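Any read-out appearing in this document is the output of simple, stated calculations on the displayed coordinates, not a laboratory observation. The shown structure was predicted, so the numbers you read here are calculated from the model rather than taken from an experiment. Cβ placement follows ideal geometry from the backbone for every residue including glycine, while neighbour counts extend to all protein chains displayed.
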Amino acid sequence: MGPALALVAGAAVVLLTTVIVGGLVLLGAEGLKPEAQVSAATLFDLLKIAFAVVAGLGGLVALVVTYRRQKVAKAAQKLAEATHVLARQGEERAHRAEAREATKLHNDRFATAAGQLGHDSPAVRLAGVHALVGLADDAPTRELPDGPAGDDGGAACESVGEGGRGANGASGAVGGGVLRCG
């Protein structure tokens with residue numbers, strides 16, 4: 001059961017022995033003398049002592065049971081917290097994997113569209129422009145993702161009304177509006 005239980009049991013035995021010896025000394029008992037007949041008062045005193053010992057042992061058992069219950073409850077709480085932490089970490093890993101897969105798909109689509117922009121045929125180049133518009137429409141935010149050093153990887157572009165120009169003068173027709181990069 002453990003060293004704590006052995007310590008409590010040992011302390012209970014020492015305390016019980018001390019109480020019995022102290023009680024005998026206080027009562028003035030110099031020794032045990034045999035009696036031919038046991039009086040009712042002596043039987044009543046022995047019964048009180050027996051009940052006190054049983055009550056003490058019952059209290060000891062109650063303390064041990066309460067201690068074990070608390071220890072088990074604390075272990076269950078730690079297990080629940082650890083399970084919660086592991087579940088949260090698993091969800092975070094799944095979310096990161098999903099984000100990596102989405103980024104990979106986005107990058108593959110971008111590479112394909114960029115390759116089409118450099119093609120000799122005007123129709124393929126136009127298809128590349130439409131593919132880039134589709135990528136821009138599918139983007140979850142209008143901000144460019146941060147690079148490894150916190151760099152945004154290039155100038156931010158935004159769609160403006162007809163005939164708009166960016167700060168550096170760059171503009172490009174996309175769909176019905178103009179793409180301004182600055």
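Here the gap between Val25 and Arg93, fully extended at 0.36 nm per residue and compared with their Cα-Cα distance, gives a gain of 17.2 nm. Between Ala52 and Val133, the modelled label-to-label distance comes to 9.9 nm, taking each label 7 Å out from Cα in the direction of the beta carbon. Full extension of the chain between Leu7 and Asp45 yields a length gain of 10.7 nm, computed as 0.36 nm times the residue separation minus the alpha carbon distance.
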